[in-house]
Amino acid sequence: MSTLNPARTAREYPARYRLEAARCEACGAVSFPARLVCPACRGRKFAAVTLAPEGKVLTWTVIHVGPPSHKHDVPYALAVIELGGGVRVTCQIADVDPAKVEAGMAVKLEFRRIQQDGEAGVIAYGHKAVPA
Amino acid sequence: MRDVAIVGIGLSRWGEVWDASLRTLWTEAALAALDDAGIDHVDSITVGSMAPGLFVGQEHLGGLLAGELGMAGVPATRVESACASGGVALRTGFAEIAAGLADIVLATGVEKMTDVSGDDCTAALAAAADAELEVFHGATFPALYAMMARVHMARWGTTREQLAMVAVKNHRHGSLNPHAQFRQQITVKDVLSSAKVADPLNILDCSPITDGAAAVVLADMETARKLAHGRPLIRIAGVGQASDHIALQSRPDMAAIPATTAAAQRAFKMAGKTPADVHVAEVHDCFTIAEIMVLEALGLCPAGEGGRQAESGRTALGGALPVNPSGGLKSKGHPVGATGVAQAVEIVTQLRGAAGKRQVANARVGLTQNMGGTGASTVVHILEVAP
C-alpha cells in the first residue's frame with residue numbers, strides 16, 4: 001500500500017529537498033513545513049526561511065519491526081530532533097550504530113533517500129540525521 | 001440537556017475470527033445489545049470504525065450495517081477518530097439523546113483487522129499518525145509510544161520493569177475474563193525477554209490485532225427506567241472529548257497527554273465529580289507506557305507516579321483503584337474501532353455487579369478513557385449507578 005505518487009512527492013520538495021520553512025510575521029514562530037495558519041497565534045502571514053540543519057536528539061527509539069515501506073532498513077533509529085529556534089522534526093538517524101544513539105546527541109540533517117515504491121516507482125528523498 | 005442511560009450491552013466474538021466478516025461481527029454485537037435491553041427498535045445508529053476501507057475495502061458502514069440489522073431507514077452514521085472511534089460513537093449517541101434528536105440510540109464500534117497481512121495492518125494503523133511528518137520517515141505506533149516512554153523514563157525515573165508490570169497486571173485480569181483474546185498469565189521476565197518491536201517496547205508491551213465489535217443501547221432516563229428490568233440503571237454522568245496535534249513532535253511535553261487531561265476535566269465537571277470518586281476505570285493501554293501516562297493525565301495519580309501504580313498493586317483487582325479489570329486492550333484485545341464501546345460494556349457490567357471473578361467490589365462510579373494515535377483524540381465517559 002504505497003502512499004508515494006509523483007504529484008504528492010513533488011509538492012513536498014520544498015520541505016524535503018531544501019528544508020524550507022515559514023516564519024510567522026505576527027509572533028515569529030517557525031513552522032516546518034510551511035502552512036497556512038500559525039499554530040502558536042493563528043497568524044496567516046509568513047516569511048520563507050531555510051532551516052539550519054544542526055540539532056540535537058530529544059527522544060529516540062530503535063525500530064525492529066518496520067512498516068512495509070521501511071522493512072529492509074531494520075533495525076533503524078528514529079528520533080525527534082530539535083533544530084535551532086525550537087523547530088522539531090521526526091526522522092531516522094543514519095551512519096551510526098542504532099544502539100549508540102542517546103538523548104542530547106548532536107546531529108545534522110542530510111539529504112538522503114527515504115523510501116521507494118518498488119522497482120519502477122517513485123523514489124522519495126528527504127532528510128535523515130547523522131552524527132554532527 | 002437530557003440525561004442519558006445505558007440500557008443494553010453486547011459484544012461479538014473477539015480474537016482472530018476468521019469465519020466472520022465485519023458485518024457479521026457487528027451484527028452479533030448489535031443483537032446482543034438489543035436483546036440485553038429487551039427492545040426491537042432504535043431511533044438512530046452510530047458506528048465507530050477506524051479504517052474499514054483499508055482493512056476490508058468497505059466504507060459507508062452506516063447504511064450497510066443498518067441494512068444488516070433489518071433496520072434500513074433508521075439514521076445511521078459512521079464516525080472516525082482513529083482508535084478513539086468507538087468512544088466518539090458513544091459520545092455522538094449521547095449527544096443525539098441529550099439534544100432530543102432521538103430517544104433510543106444503538107452506539108457501536110467495529111474493526112475487522114485480520115483479513116489483511118501483518119504488513120498491511122501495520123500500514124493501516126500507521127495512517128492514524130502524521131503521514132507527512134512521521135510515517136514517511138518510517139515511524140510506527142510502537143515507535144512513537146517508545147519515544148514517549150523514553151522521555152517519561154528520563155523525566156520521572158519510570159523503569160523498564162514498571163512498564164512490564166502493566167502488561168502482567170492486565171493479563172492477570174484478562175485471565176478472569178472469558179471474553180479476553182489472550183487469557184494466559186505472563187511474568188515480568190516474559191515481557192522483558194519477548195521480541196523487540198521498538199526499543200524499549202517489546203511485543204508483550206503491545207496490544208494485539210483483534211477482530212471484534214461492541215454495542216450499547218442508550219436511552220433517555222424516562223425510557224431507560226422502563227427498560228431497567230430490575231437491574232441497576234447506569235447513567236452517563238459526564239462526557240468529555242479533546243484533540244491535539246497528531247504529530248508527537250508538535251507536543252511541547254512528550255511525556256504528557258494533554259488531550260486526555262482536557263477531556264477528563266470536561267467529563268468530571270459535567271458529572272460534578274473528581275478523580276477521587278472513581279471506583280473502577282477502563283483506560284486505553286494500547287502500549288504499557290500508555291496506561292502509565294493516561295493515569296497521570298486523568299488525575300488518577302500524580303504526574304510521574306504512573307509507573308508505580310501497577311507495581312504497588314493499587315491498580316490491580318483488589319487494589320484501591322482497579323484499572324482495566326477486563327484485561328484492557330493488552331489482554332482482552334483491541335479491535336480499534338470497537339474498543340471505546342467495549343470499555344463502556346465492561347464498566348456497565350461492573351456497575352451492574354455482573355462481572356463474576358473480575359468484579360470490583362461495591363463499584364458505583366466508573367470511568368472510560370479511549371484515545372486515538374498518540375493521544376490526539378481522547379474521549380472520557382463517567383458512568384454511575386443512578387439513584
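Here, each number is a calculation from the coordinates, and none is a lab measurement. These numbers were taken from a predicted model, which means no experiment stands behind them. We place every Cβ from the backbone using ideal geometry, glycine too, and count neighbours over all the protein chains shown.
A few notes on this one:
- Acute angle (nearest 10 degrees) that the helix B:160-174 long axis makes with the longest principal axis of chain B, alpha-carbon atoms: 30 degrees
- Considering only Cα atoms, the convex hull volume of the stretch B:1-126 works out to 95 Å³ per residue.
- Judged by a Cβ-Cβ distance under 4.7 Å, the unpaired cysteines of the protein assembly as shown are A:CYS91, B:CYS83, B:CYS121, B:CYS206, B:CYS286, B:CYS301.
- Measuring nothing but alpha carbons in the stretch B:123-227 and taking Rh as the Kirkwood radius, the Rg to Rh ratio lands at 1.11.
- For B:LYS196, a cut-off of 19 angstrom between C-alpha atoms picks up these aspartates and glutamates, skipping any fewer than 8 places away in its own chain: A:ASP73, A:ASP97, A:GLU102, B:ASP119, B:GLU161, B:ASP205, B:ASP285.
- 0 to 90° range, to nearest 10: angle between helix B:258-271 axis and chain B longest Cα axis: 40 degrees
- Sorted by Cβ density within 10 Å, fewest first, the residues B:THR315, B:THR140, A:THR50: A:THR50, B:THR140, B:THR315
- Average beta-carbon neighbours from other chains, 10 Å sphere, peptide B:144-151: 5
- Computed [θ] at 222 nm, deg cm²/dmol, chain A (DSSP H ≥ 4; -39,500 (n - 2.57); rounded to nearest 500): -2000 deg cm²/dmol
- Residue exposure proxy: B:HIS284, B:HIS245, B:HIS41, B:HIS173, ordered by other Cβ atoms within 10 angstrom of their Cβ from fewest to most, comes out as B:HIS41, B:HIS245, B:HIS173, B:HIS284.
- Residues B:TRP18, B:TRP156, B:TRP26, ranked from the fewest to the most other C-beta atoms within 10 Å, line up as B:TRP18, B:TRP156, B:TRP26.
- Taking only alpha carbon atoms, chain B gives an Rg to Rh ratio of 0.94, where Rh is the Kirkwood radius.
- Over all other residues within a Cβ to Cβ distance under 11 Å of B:ASN177, the charged ones net out to +4, with Lys and Arg as +1 and Asp and Glu as -1.
- q = 0.15, 0.19, 0.23, 0.30 Å⁻¹, the stretch B:207-263: log10 I(q)/I(0) [Debye, one scatterer per Cα]: -0.77, -0.87, -0.95, -1.16
- In this structure, the residue pairs whose Cα-Cα separation is over 20 Å, taken from B:LYS169/B:LYS189; A:LYS100/A:LYS128; B:LYS273/B:LYS357; A:LYS108/A:LYS128, are B:LYS273/B:LYS357.
- Helical runs (DSSP H, four residues minimum) scored at -39500 (n - 2.57) apiece and divided by the length of chain B put the mean residue ellipticity at 222 nm at -11500 deg cm²/dmol.
- Nearest-ten-degree value, helix B:22-37 long axis tilted from longest Cα axis of chain B: 60 degrees
- Cα-derived Rg over Rh, computed across the protein assembly as shown with Rh taken as Kirkwood radius: 0.98
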